Amino acid sequence: MKEFKKYLYIVNYPVFEAELCMMEMRELFNKEPNNKILISERKFNPSNSPFIKNRLDVIYEEDSLEQILENIKADNVSFEKFKVEYLRLETGNVPYEERLRSVREIGLLVNGFPDIHNPEISLGITKVNEKWMFGINIRNDYEWHIHDRKPCSYSNSLSTRVAKAIVNIGTKGHKDVKVIDPCCGVGTTIIEGLSMGLDICGCEINPQIAANAKRNLEFFGLEKRVTKGSMHDLESHYDVSIIDIPYGLFTKTTEKEQRGIINTARRISDKMIIITFEDMDDIIKEAGFKILDACKVCKGKFTRYVSICK
Ligand SMILES: C[S@@+](CC[C@H](N)C(=O)[O-])C[C@H]1O[C@@H](n2cnc3c(N)ncnc32)[C@H](O)[C@@H]1O
């Protein structure tokens, strides 16, 4: 069977996270989705992103459905316990009857037993920009949503979705990157990073909050990679630091302390992803960082700013 080194990603996002989704896609794929579709040669696990719904591993790409059917027949495509689905996209006007026909005819041509109720493999067919694409459909399992129910949370916590996206933005989806969240709170980013198999650790100055971070990690069966203490005492060097800056809204923080945190991030890391409640560009630049990209994200009535700095 001919295998294309092409992946079709279908993304989705709430309006208030649109900018964050675009930033994540730029960092992972060097481009933005168009009409919630992104085609790339990079293979990325959809379950590691809060925004990717499906990844279609493209086996055939043809001008017509008929040619796709011919290929399936000629290559004797075989799968056991499969199900065929039409992947509906925001664009492309494929009438219901044609969608149904594509699914039915592929189902009849693929060798092996289908299993519609408990499939072991999902096959996808869709039409994108006048091209028909057929392949293996990998869905986001959304298992990471269990992290929404961590035992210890607090008003300062990032959401699971935002933490996941920020970790991807920091690492560009690579595993060989050493990451620290030196003001980690209850460990939201550490939970996401560790469960994606990354080399990530945290530090938290408040003993009670540090203990809560460890409780959260233990609850999810993850290594308790959080140190109680001030980030200013850190001596190791990291590829990336994720700074969710303490802000006077919930805990008493002065501008001097915020400056100190950003200066220390400059000392301990090559790259910083910083989340702030206000424009802190001047302070970031004064610390010696260059701002490479920035976006806004909302949580309730608050706007947070995410900046990629090097
Ligand atoms: C905005 S909160 C982080 C929330 C975290 N992202 C979460 O989702 O739980 C900032 C945290 O930085 C901690 N912090 C402040 N100064 C620090 C320092 N010098 N070293 C380490 N942690 C510090 C605060 O105690 C607070 O928990």
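The values are calculated or read from the model by the stated rules, or taken from the named source; none is laboratory data. Because the structure is predicted, anything quoted here is derived from the model rather than measured. In this analysis, Cβ positions are derived from the backbone assuming ideal geometry, glycine residues included, and neighbour counts consider all displayed protein chains. Side chains included, ligands, DNA and RNA excluded: accessible areas come from the protein's heavy atoms. Shrake-Rupley method; radii C 1.70, N 1.55, O 1.52, S 1.80 Å.
Quick look at the numbers
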quantity: Among Val128, Val226, Val15: highest mean-square fluctuation, GNM of the chain, C-alpha pairs under 10 Å; calculated: Val15
quantity: Candidates Glu19, Glu223, Glu192, ranked by Gaussian network fluctuation over the chain, Cα under 10 Å, top entry; calculated: Glu223
quantity: The stretch 143-309 shape via C-alpha gyration tensor axes, a/c threshold 1.5; calculated: rounded
quantity: Fraction of accessible area attributable to carbon and sulfur, the chain (%, probe 1.4 Å); calculated: 47 percent
quantity: DSSP H segments from the chain that extend 15 Å or more along their own axis, Cα-based, with Kyte-Doolittle mean of 0.0 or above; calculated: 18-29, 160-171
quantity: Ser269 long-range amide H proximity, modeled H, under 5 Å; calculated: Tyr238
quantity: All aspartates and glutamates inside 16 Å of Lys81 as judged from Cα atoms, apart from same-chain residues fewer than 8 positions distant; calculated: Asp115, Glu120
quantity: Cα centroid separation - the stretch 4-18 against the stretch 175-205, whole Å; calculated: 25 Å
quantity: Among Asn48, Asn35, Asn12, residue whose mean-square fluctuation peaks in a GNM of the chain (springs only between Cα atoms under 10 Å); calculated: Asn35
quantity: Size of charge dipole - the chain - debye, nearest 20, with Cβ of Lys, Arg +1 and Asp, Glu -1, no other charges; calculated: 640 debye
quantity: Computed [θ] at 222 nm, helices only, for the chain once each DSSP H run of length n ≥ 4 contributes -39500 (n - 2.57); calculated: -8500 deg cm²/dmol
quantity: Eligible aspartates and glutamates near Lys36 by straight Cα distance, threshold 17 Å, same-chain separation 8 or greater; calculated: Glu17, Glu19, Glu24, Glu27, Asp57, Glu90, Glu130
quantity: Whole-Hz couplings from phi, Karplus 6.51/-1.76/1.60, listed for the stretch 130-138; x for Gly and Pro; calculated: 6, 10, 8, 10, 10, x, 8, 9, 10
quantity: Nonlocal amide H pairs with Thr253, under 5 Å, H built at 1.01 Å; calculated: Gly248
quantity: Residues whose placed amide H lies under 5 Å from that of Val84, excluding near-sequence neighbours; calculated: Leu123
quantity: Cβ charges +1 (Lys, Arg) and -1 (Asp, Glu), total dipole of the stretch 75-167, debye; calculated: 360 debye
quantity: Listed residues Lys252, Lys5 arranged by accessible area, highest first, probe 1.4 Å; calculated: Lys252, Lys5
quantity: Set Lys228/Lys296; Lys53/Lys178; Lys178/Lys214; Lys150/Lys214; Lys53/Lys214 screened for pairs whose C-alpha atoms are more than 23 Å apart; calculated: Lys228/Lys296; Lys53/Lys178; Lys53/Lys214
